[in-house]
Amino acid sequence: MAKTKTAYFCQSCGYESPKWLGKCPSCNQWNTFVEEVLEKSVASVPDWKPASTSLQRATKPSHVKDIIFTEDHRLITSDNELNRVLGGGIVGGSLVLIGGEPGIGKSTLMLQLALTLPGLKVLYVSGEESDRQIKMRAERLSSVSENAANDCYILTETSTQNIFKQIEALEPDLVIIDSIQTLYSAHIESTPGSVSQVRECTAELLRFAKESSTPVFLIGHITKDGMIAGPKILEHMVDTVLQFEGDRHHVYRILRAIKNRFGSASELGIYEMQGDGLREVSNPSEILLSQRDESLSGITVSAMLEGMRPMLIETQALVSSSAYGTPQRSATGFDTKRMNMLLAVLEKRCGFRLSTHDVFLNIAGGLRVEDPAIDLSVIVSIISSHEDIAVSSKTCFAAEVGLSGEIRAVNRIEQRIAEADKLGFEQIYISKYNSKGLDTSRYRISIITVAKVEEVFSLLFG
Ligand code: TYD
Ligand code: MG
């Protein structure tokens, strides 16, 4: 018998080494190497078409002009948020990875998709739950009763060879794998969930997807530090990486495209987790603005963009004098480093003594915002709380703040203004540099252009 072949893999990034290493040279993590058995059994285990067929078929280079381009056939689902995030529906033969923390709702989202594709045969492969458990979940989802004609099959199986056998018999139009970490391939001897198993199973599914033009969705768990567990490698192999995120204690969930070979990677879908499944949220601004009549200090509204979508979101700040020597700085849904930068601008350029105060910042709805256009709203919230002067709930902001306290222009300003106008806001503060070519007569909202943070403060707080 041949000697067992093993290698060491970094469980965090998938780096392969013939020897054990204390520190991973690729991702610099300590103590992440685990030995995995690699020996491939030569015995012919049925697989998705032996690799030799595709290897022997030598390909020749073809001139780019001669390649016939046909628009990829896309499968339009009844879930508009998912369609948008995927760039307009599911592309045939694509491999899509959906990552997210345990319990966030990945299985629910995929089962809902499986149950609402009328006229298509869907195979839902689960290595995590029994078919009775899945049936119980399906009963909970309100979408089921409406689409009873749907052809959805459940398979509880973890061996890829068996899965491919069933796929060949069933010939589904869409395959969903829940989850990639539970699968194992008989070609590799290490345990399910290890780097080499996850990589091999994904490679087999990739080959199947490409050769049969069947789209495949993979569910992948995410580790604490946000990596698609552990192998980052998966992200390179698949066509599209979607991340399902949100605060488990909030009802809102966000589906974000991180990588997409068939569309924009900045798209975003919003769902609400209800007792009977996930509901699409088509008008996010309404849920992200808390219902309030009076104006409160420390709360402002910002017109931000997520992907291509404008939405209005509330930022809340609380500034209080610090009880201990070191003031606390805490931000939820906003980058803490960026908040510290903005606090330094307030301290240095505007003379506010904030170094003896605790500052807490919260973005409503459990969302994480990366759009710099929220900067102005953040600093106005902080000063509003510090001075205890409320800003009108009919005022919103859309501008970036620079290091010297200058108010900088942001992209797609018309879209932001139009959204604020539509939702009945009365004023919007934007950068002076954004006002060029802006047709203000089109909007009912009054547009206030500013160049420096001091100007904003004197206009708002006198
Ligand atoms: P699940 O899809 O199992 O999460 P994942 O596959 O990402 O681990 O979702 C689990 C949570 O969703 C669970 O805490 C219960 C909740 N849930 C609802 O609130 N409503 C529902 O209709 C369903 C099916 C689940
Ligand atoms: Mg699950």
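The values are calculated or read from the model by the stated rules, or taken from the named source; none is laboratory data. In this text, all values refer to a predicted model and were calculated from it rather than measured experimentally. Counting neighbours? That spans all protein chains shown, and the Cβs are built from the backbone with ideal geometry, glycine included.
Each residue in the stretch 230-265 was checked for being outside any loop (DSSP other than H, G, I, E, B) and either of a type outside the set (S, T, N, Q) or within 16 Å of ligand 2 (Cβ to nearest atom) (or both), and 18 of them qualify.
For the stretch 266-277, does any single residue satisfy the condition of being part of a helix (DSSP H, G or I), more than 21 Å from ALA138 (Cα to Cα), polar (S, T, N, Q) and more than 16 Å from ligand 2 (Cβ to nearest atom)? First the steps, then the outcome.
If we filter the stretch 266-277 for residues that are part of a helix (DSSP H, G or I), which is where we start, we get none.
Checked against the condition, which is being part of a helix (DSSP H, G or I), more than 21 Å from ALA138 (Cα to Cα), polar (S, T, N, Q) and more than 16 Å from ligand 2 (Cβ to nearest atom), the stretch 266-277 yields no hits at all.
Restricting the search to the stretch 114-130, which residues are more than 12 Å from ligand 1 (Cβ to nearest atom) and hydrophobic (A, V, I, L, M, F, W, C)? Of everything in the stretch 114-130, those that are more than 12 Å from ligand 1 (Cβ to nearest atom) and hydrophobic (A, V, I, L, M, F, W, C) turn out to be ALA114, LEU117, LEU120, VAL122, LEU123, VAL125. When restricted to residues that are in contact with a Pro (Cβ under 8 Å, 6 or more places away or on another chain) and surrounded by 19 or more Cβ atoms within 10 Å (Cβ to Cβ), the stretch 165-180 contains 2. Among the residues of this structure, GLN133 counts as one that is at pLDDT 90 or above, within 15 Å of ligand 1 (Cβ to nearest atom) and surrounded by fewer than 19 Cβ atoms within 10 Å (Cβ to Cβ). For GLY105, the stated conditions do not hold, so it cannot be described as within 16 Å of ligand 1 (Cβ to nearest atom) and modelled with pLDDT under 90. Can you find a residue that is among the hydroxyl-bearing types (Ser, Thr, Tyr), in a helix (DSSP H, G or I) and touching a Phe, Trp or Tyr at 6+ places or on another chain (Cβ under 7 Å) anywhere in the stretch 369-378? Yes: the stretch 369-378 contains one or more residues that are among the hydroxyl-bearing types (Ser, Thr, Tyr), in a helix (DSSP H, G or I) and touching a Phe, Trp or Tyr at 6+ places or on another chain (Cβ under 7 Å). Checked against (1) over 28 Å from the mean Cα position of the chain (by Cα); (2) more than 11 Å from VAL125 (Cβ to Cβ), LYS210 passes all but condition (1). The set of residues from the stretch 403-441 being touching a residue at least 24 places away in the same chain (Cβ under 8 Å), in a helix (DSSP H, G or I) and farther than 19 Å from GLU286 by Cβ comprises ILE413, GLU414, LYS432, TYR433, ASN434. In the condition set (1) more than 16 Å from ligand 2 (Cβ to nearest atom); (2) within 21 Å of GLU272 (Cα to Cα); (3) at pLDDT below 90, GLY119 is compliant with all but (2).
So if I check each of ARG199, ARG207, which one is surrounded by fewer than 24 Cβ atoms within 10 Å (Cβ to Cβ), within 19 Å of ILE222 (Cα to Cα) and not acidic (Asp, Glu)? Break it down into steps so the answer makes sense when it comes.
Details: ARG207 fails: within 19 Å of ILE222 (Cα to Cα).
It is ARG199.
Looking at ASP421, ASP439, which is the one that is assigned by TED's automatic domain parsing to the domain that holds CYS350, within 29 Å of the chain's Cα centre (by Cα) and over 15 Å from ILE299 (Cα atoms)?
Numbers: ASP439 fails: within 29 Å of the chain's Cα centre (by Cα).
Matching residue, one of ASP421, ASP439: ASP421.
Report yes if some residue within the stretch 415-426 is more than 21 Å from SER381 (Cβ to Cβ) and small (Gly, Ala, Ser); otherwise report no. There is at least one residue in the stretch 415-426 that is more than 21 Å from SER381 (Cβ to Cβ) and small (Gly, Ala, Ser).
Put simply, of SER302, SER297 the only residue that is in contact with a Ser or Thr (Cβ under 6 Å, 6 or more places away or on another chain) and part of a loop (DSSP other than H, G, I, E, B) is SER297.
Does LEU312 satisfy the condition of being at pLDDT 85 or above and in a strand (DSSP E or B)?
Details: at pLDDT 85 or above: yes; in a strand (DSSP E or B): yes.
Here the answer is yes, as LEU312 does meet what is asked.
Scanning the stretch 153-178 for residues that are away from ligand 1 (no atom under 16 Å from the Cβ), under 14 Å from GLU200 (Cβ atoms) and in a strand (DSSP E or B) gives a single hit, SER159.
Any idea how many residues of the stretch 73-112 are of a type in the set (A, V, I, L, M) and out of contact with any strand residue (DSSP E or B) (no Cβ under 7 Å at 6 or more places or on another chain)?
Step one: list which residues in the stretch 73-112 are of a type in the set (A, V, I, L, M), which gives 75-76, 82, 85-86, 90-91, 95-98, 104, 109-111.
From what is left, the residues that are out of contact with any strand residue (DSSP E or B) (no Cβ under 7 Å at 6 or more places or on another chain) are 76.
Matching residues across the stretch 73-112 total 1.
Residue-level analysis places ILE258 outside the set of residues that are under 25 Å from THR156 (Cβ atoms), assigned by TED's automatic domain parsing to the domain that holds LEU113, in contact with a helix residue (DSSP H, G or I) (Cβ under 9 Å, 6 or more places away or on another chain) and at pLDDT 85 or above.
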